[in-house]
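See below for the structure under consideration.
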Amino acid sequence: KVYRNAVVIDTHNDLPSRMLDDGYDADVRHQPGYGKTKGDTDLPRLVESGITAQFLSAFIDAKYPLVKPGQSWVRVEAYMDTIHAFVDRHPDSLIFATNSDDVRRAKKEGKVAIFIGVEGGHAIENSLDKLRQLYAQGARYMTLTWNNGNDWAGSSIGVNGTSTAGLPDFGKDVVREMNRLGMLVDI
């Protein structure tokens, strides 16, 4: 009842990783658990839950910048395509969201607003233009780092010998640009 009456927003769900990596079909109900035929999030349960909005995470694993240049960007683009396609397949149940008006509209129409969050700032590959592209494609938050630091932000762990040193000048530029765009800075 609370979910039905309140605006409830979940800010992180790894469903897109399951869709990309496991071939998980998010369009149909699954048994709870983990595996290609099991899962805890799918379209029927999103709709039935009463949740108003869900951030789907575009998680860029720390291995991508190590593979070869450009792979982090390739991966985040695959996430963007996957999330948009999921929403586009279900116009009667989902609304692609980029702002609070979309959340209000979803609540009014009995739909679920779907936002995108990017997990791992290395996805932008040291480019403010790529950050702007992600925003234009609907990303509304980005974590500066994951367990790996990058050239412009240190992480708390620094896996693979990556930076733990905070924000150099370009990192501050990234944060300023995120603020200018209206993109949440997830630390």
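Restricting the trypsin sites (Lys or Arg not before Pro) of segment 27-80 to loop positions (DSSP other than H, G, I, E, B) with no more than 12 neighbouring Cβ atoms within 10 Å leaves 29, 36. The residues of segment 21-122 present an accessible area of 46 Å² per residue when probed at 1.4 Å with all protein chains retained.
Of all DSSP-defined beta bridges confined to the chain, some 10% are antiparallel rather than parallel. When segment 1-146 is described by a simple charge dipole with +1 on each Lys and Arg Cβ and -1 on each Asp and Glu Cβ, the residue from 70, 46, 8 located farthest towards its positive end is 8. Based on the alpha-carbon gyration tensor of segment 25-126 and its eigenvalue square roots a ≥ b ≥ c, which shape applies: rounded if a/c is under 1.5, prolate if not and a/b is larger than b/c, or oblate? Here segment 25-126 falls in the oblate category. Taking other residues whose beta carbon is less than 10 angstrom from the beta carbon of residue 7, and scoring Lys, Arg as +1 and Asp, Glu as -1, yields +2.
Can you give the log10 of the normalised intensity I(q)/I(0) at q = 0.12 Å⁻¹, computed with Debye over equal Cα scatterers of the chain? After summing over all Cα pairs, the log10 values are -0.59. Extension gain for residue 71-residue 147 works out to 25.6 nm (0.36 nm per residue, less the C-alpha to C-alpha distance). Modelled this way, with points 7 Å down the Cα-to-C-beta line, the labels at residue 109 and residue 187 are 3.7 nm from one another. Just the protein heavy atoms count here, and of the accessible area of the chain at 1.4 Å, carbon and sulfur take up 51 percent. How much FRET efficiency would the formula 1/(1 + (r/R0)^6) give for residue 36 and residue 126, where r is the Cβ-Cβ distance and R0 is 41 Å, rounded to 0.05? Calculated transfer efficiency: 0.70.
Over 29 Å apart at the Cα level, from the set 63/172; 68/172; 38/63; 36/130; 1/38, are 36/130.
The values are calculated or read from the model by the stated rules, or taken from the named source; none is laboratory data. These numbers come from a predicted model, not from an experiment. Note: ideal-geometry Cβ built from the backbone for every residue, glycine included; neighbour counts use all protein chains shown. When the accessible area is computed, the model is the full protein with side chains, heavy atoms only, and any ligands, DNA or RNA have been set aside. Shrake-Rupley method; radii C 1.70, N 1.55, O 1.52, S 1.80 Å.
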